[in-house]
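Asker: Got a structure here, written out as structure tokens. Questions coming.
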């Protein structure tokens, strides 16, 4: 993608100039006219790095609205930055497109991506566009910044910490089920709006960028919940070498999820293991929980305490109403 | 890819722990146990960013040796860093693999990639691995550093500058032709070794990392030659708003290319427009050419003067023996 001359000839050049140059507002992107970008990270800061790709037929549906594909591709990466207490600096885009993908798809894709690049203050630094015999593949590498040495790790959870989670859990996984089986909506007793809300949560995640700074102040460990709350909690606990215990009944649910669950209690497994939440799971010292909750609330992000961290061998448990551990067939979602 | 817990369960986790964790030697990669990496770029430096992907059936053959695929994926990015006068810091990897790709392919792929990560001092920072219904797709985002404000641009070429190029041009494009049409080797009068050398140039590019520092001292503009010398020169000239004039007879050729060209003079178009050279084209003030050539030679890199920069409207010309411009059917190679 980088390295378009001014007039130039190729179709790739035209697409880049037309659709992607407007997203490259950072002066160090040189309006995509060079081979690479050059940025001067904020003094005293570390650069935080994350790369994640989404593939048609794997992470999104080929007929998803293209603007939501652009938004999702960036947002899944921004979600990681937020969980690491980092502010976005910008991103690189590697796009592999089947031959049949032209302006009709690229225009809304770039519009969605560009709107989010603006919204999250995360400009395009550069990248690469190729044709592929395979499905649409959008790879994004995002850069963020944190004060030196202050990237929030998975490994800092300590016995006595409280476990908290942002927003609501399980909506995206239920939205995906509805996508596969639209009749489920009526079975679960959901209104049309509720069905649509759940599907929207799957289509376009909401990265918790707003509270990245708060996490740095209050949390001892954090990660974003992308592969299911139960499995992601287990990952955090393994790296921190602690045992995390959460209560299923305390996990925050949307009214739609609550309604569906009332009809079909077995959906609790989908809610807790389905993934695509892009909420933040954090381990927070007890003295910090209330301050964090109030400050997050002021930024429009709900923070709910769902359990606690105990000493123990790097494990996670989800307790039911009776205080017994729930067993899941597949505690963590994997696209692999 | 980031975010593997210690023991954990999934196949993806196993592959990452086994094959990719050993490549993540930078302390800021946290041995791939977190969601993101954190690096502290050298003080006083800009971070130079480039992302480029390679796709089976497009940029490499599905049956290419997997170690060369790993090497090529990293090297095409390192080539850009070198042309921008930047030193490698590390890279992010996004890997999309068809279901049938397992250890037999991943082991040599990671071995080749890891050897180059060591050789070029460019460790793995993190990334992502997914299954795809499409072909193997390897996306790499590489980070480098240059002293603040000193990234070598495409836009600095000035009338009076000399145009120089490293190494030899056209070998990879001829190697690719041989790959499609092995009988051509005999037709071109090439020895077995020569045929094999040309094919090797296509398989594994040689990024000119060794002279990145020299370029910063001596060149006014540079880019790597990846889409064909003629077309890439035109890109550089457009951005610099100058006219570049090179003489075909001065373009450095390997003995193999020279031999093939003697048999089939029309191959000059392939040589000058075929791409995949991963050499460096630079615009150098006349007073700097000799010093640059000598110092590059000392680092094992040949630098050849092939023409000069004139005032004019952002254009490029390749002259034949009689001083007339050559016309090409397709001046620049594009995978798009």
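Asker: Evaluate segment A:149-282: find the radius of gyration of its Cα atoms, find its Kirkwood radius, and give the ratio Rg to Rh. Intermediate results must be reported in sequence, preceding the final value.
Answerer: Working: Rg = 15.5 Å, Rh = 15.4 Å.
Radius of gyration relative to Kirkwood radius: 1.01.
Asker: Given segment B:12-155, what percent of its DSSP beta bridges are antiparallel, to the nearest 5?
Answerer: Numbers: 20 of 28 bridges.
Here the antiparallel bridges make up roughly 70 percent for segment B:12-155.
Asker: Chain A: which residue's Cβ hugs the A-to-B rotation axis most tightly, distance rounded to whole Å?
Answerer: Result for the axis mapping A onto B: A:134, 1.
Asker: In degrees from 0 to 90, rounded to the nearest 10, what is the angle of the helix A:229-240 Cα long axis to the longest principal axis of chain A?
Answerer: Helix A:229-240 and the main axis of chain A meet at about 90 degrees.
Asker: What is the P(r) of the protein assembly as shown, as percent of Cα-Cα pairs per 10 Å bin from 0?
Answerer: Percent of Cα pairs in each bin: 3, 16, 25, 24, 15, 9, 5, 2, 0, 0.
Asker: On to the next question. Can you give me the pair-distance distribution of segment B:219-276, C-alpha pairs, 5 Å bins, whole percents?
Answerer: It works out to 4, 17, 25, 25, 15, 8, 5, 1, in whole percents.
Asker: Hey, how many Å between the Cα centroid of segment A:40-90 and the Cα centroid of segment A:182-214?
Answerer: Comparing the Cα centres of segment A:40-90 and segment A:182-214, I get a distance of 19 Å.
Asker: Over chain B, with a Gaussian network built from C-alpha contacts below 10 Å, which listed residue (B:245, B:301, B:76) shows the highest mean-square fluctuation?
Answerer: Residue with maximal mean-square fluctuation among B:245, B:301, B:76: B:301.
Asker: Rounded to the nearest 500 deg cm²/dmol, what is the calculated helix-only ellipticity per residue at 222 nm for chain A, with -39500 (n - 2.57) per DSSP H run of length n ≥ 4? Display every interim value, and only then the final one.
Answerer: Working: 11 runs with 113 residues, N = 336.
Helix-only estimate at 222 nm: -10000 deg cm²/dmol.
Asker: Put a label point 7 Å from Cα along the Cβ direction on residue A:159, then list its distances to the equivalent points in the other copies in nm, shortest first.
Answerer: Label point to label point, same position, other copies: 7.8 nm.
Asker: Taking every Cα atom in segment A:249-300, find the radius of gyration and the maximum pairwise distance Dmax, and write them in Å.
Answerer: Over segment A:249-300's Cα set, Rg and Dmax evaluate to 13.9, 38 Å.
Asker: Evaluate chain A: find the radius of gyration of its Cα atoms, find its Kirkwood radius, and give the ratio Rg to Rh.
Answerer: Values: Rg = 20.7 Å, Rh = 20.8 Å.
Using only Cα positions, Rg/Rh for chain A is 0.99.
Asker: Averaged over peptide B:67-80, how many Cβ atoms belonging to another chain are found within 10 Å of each residue's Cβ?
Answerer: Values: counts 0, 0, 0, 0, 0, 0, 0, 0, 0, 1, 2, 0, 1, 6.
Mean partner-chain Cβ count within 10 Å for B:67-80: 1.
Asker: Calculate the all-directions average of the projected area of segment A:95-173's alpha-carbon convex hull, and give it in nm².
Answerer: Values: hull surface 36.3 nm².
Mean shadow area of the hull around the Cα atoms is 9.1 nm².
Asker: Need one value for A:140-148: mean number of C-beta atoms belonging to other chains within 10 Å of its residues' C-beta atoms.
Answerer: Working: counts 6, 15, 3, 7, 2, 1, 2, 0, 2.
For peptide A:140-148, the averaged partner shielding equals 4.
Asker: If you put a point 7 Å past Cα along the Cβ direction, how far is that point for residue B:329 from the same point in each other copy, in nm, smallest first?
Answerer: With the label placed 7 Å along Cα→Cβ, residue B:329 yields 5.7 nm.
Asker: Partner chain Cβ atoms within 10 Å, averaged over the residues of B:23-30 - can you pull that number for me? Before the final figure, lay out the partial values.
Answerer: Values: counts 0, 0, 0, 0, 0, 5, 1, 5.
What the average comes to for B:23-30 is 1.
Asker: Let me check the size of segment A:226-336 from its C-alpha atoms; what are the radius of gyration and Dmax in Å?
Answerer: Spelled out, the Cα radius of gyration and Dmax of segment A:226-336 are 14.2, 39 Å.
Asker: Please report, in whole Å³, the volume per residue of the convex hull around the C-alpha atoms of segment B:72-230.
Answerer: On the way: hull volume 24.9 nm³, N = 159.
Residue-normalised Cα hull volume stands at 156 Å³.
Asker: Relative to the other copies, what are the label-point distances for residue A:217, with labels 7 Å from Cα along the C-beta vector, expressed in nm at one decimal and sorted shortest first?
Answerer: With the label placed 7 Å along Cα→Cβ, residue A:217 yields 5.1 nm.
Asker: By per-residue mean of other Cβ atoms within 10 Å, what is the highest-first order of B:268-280, B:210-222? Walk me through the intermediate numbers first.
Answerer: Values: B:268-280: 24.2, B:210-222: 22.2.
Per-residue mean Cβ counts within 10 Å order the peptides as B:268-280, B:210-222.
Asker: Let me ask you something else. For segment B:1-126, rounded, prolate or oblate, judged on the Cα gyration tensor with a ≥ b ≥ c (square roots of eigenvalues), a/c < 1.5 rounded, else prolate if a/b > b/c? Walk me through the numbers on the way to the answer.
Answerer: Numbers: a/c = 2.16, a/b = 1.15, b/c = 1.87.
Note, shape of segment B:1-126 comes out oblate.
Quick note: the coordinates plus some simple rules give every number you see, no bench work behind them. Please read these numbers as outputs of a predicted model, since none were measured by experiment. Please note: Cβ atoms are built from the backbone with ideal geometry, for glycine as well, and neighbour counts cover all protein chains shown.
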